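What follows is a single structure, and I will ask about it in a moment.
FYI, it's all coordinate maths here, none of it is from the lab. This one's a predicted model, so the numbers in the text were calculated from it and none came from an experiment. Here the Cβ positions follow ideal geometry from the backbone for every residue, glycine too, while neighbour counts run over all protein chains shown.
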Amino acid sequence: MTDLLTLAGVHTHVGRYHILQGVDFAVPEGQTTMLLGRNGAGKTSTLRTVIGLWQASAGQISLDGQRIENSATPDIARLGVGYVPESMAVFSDLSVKENLVLAARDGPLDDTRLEWIFSFFPALRRFWLSRAGSLSGGQKQMLSIARAIVEPRKLLLIDEPTKGLAPAIVVALIECLAEIKRHGATILLVEQNFHAARELGDKVLVMDNGKIVHRGEMAALAADVALQERLLGLSLEAHQ
Amino acid sequence: MTDLAAIAALPKPKRDFLPVLLPVILALAMLPLIGSGSSWVTLTVASFAMGMMIFIMASGLTLVFGLMDVLNFGHGAFISVGAYVATLVLLPLASWVQADSLLTNLAVLAPAAFLAMAVSGALGLVVERVLILPVYGQHLKQILMTTGGLIVAEQALYALWGPQIIPLPLPTSLRGSFIIGDIAIAKYRLLAMLVGLVVFCGIQLVLNRTKIGLLIRAGVENREMVEALGYRIRRLFLGVFMVGSGLAGLGGVMWALYREQVHASMGNDLTVLVFIVVIIGGLGSIGGCFIGALLVAMVANYGGFLVPKLALVSNILLMVAILMWRPRGLYAVTSR
């Protein structure tokens, strides 16, 4: 299994704050790597640094063997990185269709792929011409994820997709992400919901204070209650 | 995936027609106060024409404001430069301007307007690269830099053309009015309305029917996400800035012909008015800018007729009233 994304000694400063303090990890191709940690640990900052929204102040980031730590965000995106931010960031003034048309930068929308997306996000077909701003929170999240997969991407960076959603929607969203994963996507997924993490993760990284403090198999962490409590402050069972 | 598949009907999007109705309500409310029907029509047409000219000048600024978050206090420089550049064509070809043929008049007016737009747009390119690029994201420095740029541009115009006001007579066929009963409608005002509507429809067409338009609308809302989708928004910024500057140049030509004179401080004089329109309309909103320009012109014309002393502060009062009603302007696009 080759590593698609690698970070080596990555530091990120935002203003006078030293957010990432030497982050090292690798994301294997075709797998889902969970990035866990308490609030403020640096998970979102890690994704923003990878996509180039924040510039790494030191260290190396490689995507498919190509160095990207000094690249601009559009160039990184064009190397095949899809990004789903924590805020969803759908363009609320644009319709569902227009959001996806923009995301399909290589040409017109591919009907086959669109049908595949509609198969697990049927609401997007129904509200195709509706303003994205009028969608519910769950539907906006669907659109945000659909935007990232409307064309094949090498790597998906997904930031807390279940945040703020109703439990029933979360379960359904996990199924959708599992379907995307089955399609062979490589995903780096930030998640606070441990149930989602256990269902989706192959590998796991745990962050604290801007550093990776644990790396391993997701199944091993899921089975080790003491380790969960030490790393995350609570166990998966406690979260059910 | 039951819950995601269960699709509740979306709430019907509320169509916000109230701002669109405002100019209509205002015009109808003024009819009994003005008394004379012919005066009312004349003032209303004058308002519409003036509003269209202000819209042309302000449309670029609202996109620049909304998309780039740039406070360009130097926007007025493009207005002045556009007007001065037009004189380079209109004054040497004065015989064409004074000819009785509409075609001959337009044959000199059109190149003058295109040249004004081209030079103002090119100046926009220079201003963006030299003055604005180093101060993106820093509002205070933007104000200082662009205000400085406006002063430099104004002084450069004085140096090149001299301090005197340059008379710019209207082409012969655009002088006078169409008389319908008691009502006189100035020909040039009709042309100004036509040009304004063409610009408005053109911008709406680009924004709503092209991918570049989608990118501009998306960029006004969330620049970061547009970049994360793989688009180099800086290039888009530059393009919008140049088009906005070019439109300001066109507005400058229209305004100069309306006033029949050109002077170096005309852009500076119009800057406050243009900013009021942009703020009233909602930063980044072309539709809001259009309605805002109409309202400003109506208040100026009706106010000037009914309570002349109020004319000096009418625009500020209008802005205060609109912002008390809708603090982010008539049509809020950005969260800024």
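A:Lys140 - would you say it is within 20 Å of the chain's Cα centre (by Cα) and either within 12 Å of another protein chain (Cβ to nearest Cβ) or closer than 25 Å to A:Cys176 by Cα (or both)?
Details: within 20 Å of the chain's Cα centre (by Cα): yes; either within 12 Å of another protein chain (Cβ to nearest Cβ) or closer than 25 Å to A:Cys176 by Cα (or both): yes.
Against the criterion (within 20 Å of the chain's Cα centre (by Cα) and either within 12 Å of another protein chain (Cβ to nearest Cβ) or closer than 25 Å to A:Cys176 by Cα (or both)), A:Lys140 qualifies.
A quick yes/no check of all residues on (1) in a helix (DSSP H, G or I); (2) at the interface with chain B (Cβ under 10 Å from one of its Cβ atoms):
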| position | (1), (2) |
| --- | --- |
| A:Leu100 | yes, no |
| A:Arg105 | no, yes |
| A:Thr112 | yes, no |
| A:Glu115 | yes, no |
| A:Arg125 | yes, yes |
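Okay, residues lined up against (1) surrounded by fewer than 15 Cβ atoms within 10 Å (Cβ to Cβ); (2) under 18 Å from A:Leu188 (Cβ atoms); (3) touching a Gly at 6+ places or on another chain (Cβ under 6 Å):
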| residue | (1), (2), (3) |
| --- | --- |
| A:Val14 | yes, no, no |
| A:Leu20 | no, yes, yes |
| A:Phe25 | no, yes, no |
| A:Thr32 | no, yes, yes |
| A:Gly42 | no, yes, yes |
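Condition check: within 14 Å of chain A (Cβ to nearest Cβ), within 26 Å of B:Val126 (Cα to Cα) and in contact (Cβ under 8 Å) with a residue 24 or more places away in the chain. Does B:Ile203 satisfy that?
Details: within 14 Å of chain A (Cβ to nearest Cβ): no; within 26 Å of B:Val126 (Cα to Cα): yes; in contact (Cβ under 8 Å) with a residue 24 or more places away in the chain: yes.
Considered against the rule, which asks whether it is within 14 Å of chain A (Cβ to nearest Cβ), within 26 Å of B:Val126 (Cα to Cα) and in contact (Cβ under 8 Å) with a residue 24 or more places away in the chain, B:Ile203 comes out as no.
Any residue that is facing chain B (nearest Cβ under 10 Å), touching a helix residue (DSSP H, G or I) at 6+ places or on another chain (Cβ under 7 Å) and either β-branched (Val, Ile, Thr) or surrounded by 24 or more Cβ atoms within 10 Å (Cβ to Cβ) (or both) - is there at least one of those in the range A:151-164?
Looking through the range A:151-164, at least one residue is facing chain B (nearest Cβ under 10 Å), touching a helix residue (DSSP H, G or I) at 6+ places or on another chain (Cβ under 7 Å) and either β-branched (Val, Ile, Thr) or surrounded by 24 or more Cβ atoms within 10 Å (Cβ to Cβ) (or both).
A further question follows. With the condition being in contact with an Asp or Glu (Cβ under 7 Å, 6 or more places away or on another chain) and more than 18 Å from B:Ile54 (Cβ to Cβ), I'd like the helices (runs of 4 or more DSSP H) fully within the range B:224-336 carrying at least 3 qualifying residues. Explain how you work it out, then say what you get.
Working: elements: B:233-259, B:266-281, B:286-306, B:314-325.
Ranges flagged: B:233-259.
Taking into account only those residues within the range B:218-230 that are touching a residue at least 40 places away in the same chain (Cβ under 8 Å) and surrounded by fewer than 24 Cβ atoms within 10 Å (Cβ to Cβ), which is farthest from the other protein chains (Cβ to nearest Cβ)? Step through it out loud before you land on a result.
First pass over the range B:218-230, keeping only residues touching a residue at least 40 places away in the same chain (Cβ under 8 Å): B:219-221, B:223.
Retained after the next criterion (residues that are surrounded by fewer than 24 Cβ atoms within 10 Å (Cβ to Cβ)): B:221, B:223.
Numbers: B:Glu221: 5, B:Arg223: 10 Å.
By that ranking, first place goes to B:Arg223.
Now, a different point. Given (1) free of Cβ contacts under 8 Å to residues at least 12 places away in the same chain; (2) on the phi > 0 side of the Ramachandran plot, identify the lone condition not met by B:Val130.
All conditions pass for B:Val130, except number (2).
What is the number of the single condition among (1) assigned to a helix (DSSP H, G or I); (2) in contact with a helix residue (DSSP H, G or I) (Cβ under 8 Å, 6 or more places away or on another chain) that B:Ala184 does not meet?
Here B:Ala184 meets the rest and fails (1).
Hand me the list of helices (runs of 4 or more DSSP H) wholly inside the range B:65-170 holding 3 or more residues that are of a type in the set (Val, Ile, Thr). Let's see the steps before the verdict.
On the way: elements: B:75-90, B:94-97, B:102-127, B:139-161.
Those helices (runs of 4 or more DSSP H) span B:75-90, B:102-127, B:139-161.
While we're looking at this one, here's another question. So which of A:Leu188, A:Leu94 is buried (at least 18 other Cβ atoms within 10 Å of the Cβ) and within 21 Å of the chain's Cα centre (by Cα)? Before you say what the answer is, go through the steps one by one.
On the way: A:Leu94 fails: within 21 Å of the chain's Cα centre (by Cα).
Step by step, each of A:Leu188, A:Leu94 is checked, and only A:Leu188 is buried (at least 18 other Cβ atoms within 10 Å of the Cβ) and within 21 Å of the chain's Cα centre (by Cα).
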